[in-house]
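Engineer: Take this structure, written in structure tokens, and hold onto it; I'll ask about it next.
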Amino acid sequence: KMDYKNILFEYKNAIAYITINRSKQLNALNAETIAELSSAITLAENDKSIKCMIITGAEDKAFVAGADIKEFANYSKKEGENLARKGQEILFDLLENCGTPSIAAINGFALGGGLELAMACHIRIASENAKMGLPEVSLGVIPGYGGTQRLANLVGKGKAMEMITTAGMILAADAKSWGLVNYFCTQEELIPLAETIASKIIRNSPSAIAKAIKAVNAGFEEGINGFEVEKKEFGNCFESEEFKEGTNAFLEKRKANF
Ligand code: CAA
């Protein structure tokens with residue numbers, strides 16, 4: 001258990017539970033919350049006993065209702081660009097490129113920066129009451145935490161254009177059929193479902209998982225050949241202790257102990 005002001009950080013059975021905890025503001029992301037999330041994710045990545053993260057929102061109304069609108073309402077052009085640049089660097093890109101896999105458990109509104117946070121996670125699941133969207137153009141801004149890129153990657157350009165230009169919200173069933181979330185379930189089942197997925201992840205080689213994440217992400221990066229990264233990372237596995245343990249365990253007909 002770590003002490004933060006805007007998030008809860010708990011740890012059990014190799015899983016870190018990161019909960020955005022500003023329910024009065026529907027868990028909106030102000031600068032302090034973004035910095036705390038950044039620190040928690042860095043901590044989880046550096047702690048070898050943590051093998052998976054579950055990210056969710058406090059209480060049952062919101063995952064995260066977006067960037068904190070009060071905070072940026074009077075920003076200049078330069079401050080606006082800096083907000084997006086710094087946020088993407090210290091949180092959204094960090095999370096997406098983190099070698100420890102993350103599951104977004106979307107427990108309510110995931111809007112703007114909230115949906116962008118979920119999209120930076122490796123896996124997304126939602127509860128039936130969740131509503132997801134990128135409403136930024138209704139405020140006269142555009143998604144600034146990677147939403148224009150990650151939404152198009154996840155649901156395709158046409159559906160992303162519709163969601164972004166209409167500023168509308170979609171429900172969990174549509175989000176699932178569009179590929180925005182992998183599963184949806186009742187609110188009560190949400191964390192148990194995240195834990196079921198996590199329990200499968202934590203059996204596997206953490207160093208292989210980190211390399212796989214790197215290779216998958218490489219395919220979405222401009223100017224980088226994902227197949228080349230895959231070949232290199234495949235080779236790198238062969239000098240890891242976990243590869244020895246994994247293959248020996250198979251040959252000795254026992255469970256691998258990573
Ligand atoms: N920022 C700051 N405060 C927020 C917030 C946000 N994104 N979302 C909600 N809140 C606050 C409200 O101001 C309200 O506070 P007060 O009680 O002090 O007035 C409190 O949370 C509860 O919200 P509502 O009374 O509005 O609750 P509701 O049930 O009537 O509506 C909602 C829920 C539809 C989610 C509505 O709160 C809403 O539309 N929120 C804003 C969503 C949004 O536009 N998000 C995008 C932000 S821009 C962005 O994210 C930019 C980027 O990409 C970088």
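The values are calculated or read from the model by the stated rules, or taken from the named source; none is laboratory data. This is a predicted model, so every value here is computed, not measured. FYI the Cβ positions are ideal-geometry reconstructions off the backbone, even for glycines, and counts take in every protein chain you see. Only protein heavy atoms, including side chains, enter the accessible area calculation; ligands, DNA and RNA are left aside. Shrake-Rupley method; radii C 1.70, N 1.55, O 1.52, S 1.80 Å.
Engineer: Which members of region 207-246 meet the condition of being of a type in the set (Val, Ile, Thr) and in a helix (DSSP H, G or I)?
Structural biologist: ILE209, ILE213, VAL216, VAL229 - these are the residues of region 207-246 that are of a type in the set (Val, Ile, Thr) and in a helix (DSSP H, G or I).
Engineer: Next question. Of everything in region 75-114 that's farther than 23 Å from VAL137 by Cα and within 14 Å of the ligand (Cβ to nearest atom), which residue is least open to solvent (accessible area, probe 1.4 Å)?
Structural biologist: ASN107
Engineer: Looking at region 194-207, which of its residues are over 30 Å from GLY235 (Cβ atoms), open to solvent by 40 Å² or more (accessible area, probe 1.4 Å) and either touching a residue at least 24 places away in the same chain (Cβ under 8 Å) or of a type in the set (D, E, K, R) (or both)?
Structural biologist: GLU195
Engineer: Enumerate the pairs (first residue in region 132-160 and without any contact (Cβ under 8 Å) to a residue 12 or more places away in the chain; second residue anywhere and small (Gly, Ala, Ser) and buried (at least 22 other Cβ atoms within 10 Å of the Cβ)) with beta-carbon separation below 8 Å, excluding pairs fewer than 6 apart on the same chain, so at least 6 apart or on different chains.
Structural biologist: Pairs found: ALA152/ALA160.
Residues checked against (1) open to solvent by 20 Å² or more (accessible area, probe 1.4 Å); (2) small (Gly, Ala, Ser):
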residue: GLY133; (1), (2): no, yes
residue: SER138; (1), (2): yes, yes
residue: GLY146; (1), (2): no, yes
residue: LEU151; (1), (2): no, no
residue: ALA160; (1), (2): no, yes
residue: THR165; (1), (2): yes, no
residue: GLY168; (1), (2): yes, yes
residue: LEU171; (1), (2): yes, no
residue: TYR183; (1), (2): yes, no
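Engineer: May I pose another question? Given the structure, is LEU117 at pLDDT 95 or above, of a type outside the set (Lys, Arg), within 12 Å of the chain's Cα centre (by Cα) and within 11 Å of the ligand (Cβ to nearest atom)?
Structural biologist: Considered against the rule, which asks whether it is at pLDDT 95 or above, of a type outside the set (Lys, Arg), within 12 Å of the chain's Cα centre (by Cα) and within 11 Å of the ligand (Cβ to nearest atom), LEU117 comes out as yes.
Engineer: Something else now. Just to be sure, is LEU37 in contact (Cβ under 8 Å) with a residue 24 or more places away in the chain, assigned to a strand (DSSP E or B), surrounded by 13 or more Cβ atoms within 10 Å (Cβ to Cβ) and in contact with a strand residue (DSSP E or B) (Cβ under 7 Å, 6 or more places away or on another chain)?
Structural biologist: No; evaluated as a whole, the condition is false for this residue.
Engineer: Hey, another quick one. Kindly indicate the residue of region 212-234 that is open to solvent by less than 40 Å² (accessible area, probe 1.4 Å) and either free of Cβ contacts under 8 Å to residues at least 12 places away in the same chain or touching a Ser or Thr at 6+ places or on another chain (Cβ under 9 Å) (or both) and also nearest to ILE103 (Cα to Cα) among those meeting that condition.
Structural biologist: The selected residue is ILE213.
Engineer: In region 62-74, which residue that is near the ligand (Cβ under 9 Å from one of its atoms) and part of a strand (DSSP E or B) is farthest from GLY147 (Cα to Cα)?
Structural biologist: Step by step, filter region 62-74, then rank; the result is ALA62.
Engineer: Can you list residue pairs whose Cβ atoms sit under 6 Å apart, with the first residue in region 165-183 being among the basic types (Lys, Arg) and the second being open to solvent by 70 Å² or more (accessible area, probe 1.4 Å)? Count only pairs 6 or more apart in sequence or on different chains.
Structural biologist: Note: pairs meeting the criteria are LYS176/PHE184.
Engineer: Would you mind telling me which numbered condition in (1) farther than 26 Å from ILE197 by Cα; (2) of a type in the set (D, E, K, R); (3) at pLDDT below 95 LYS1 fails?
Structural biologist: Of the numbered conditions (1) farther than 26 Å from ILE197 by Cα; (2) of a type in the set (D, E, K, R); (3) at pLDDT below 95, the odd one out for LYS1 is (1).
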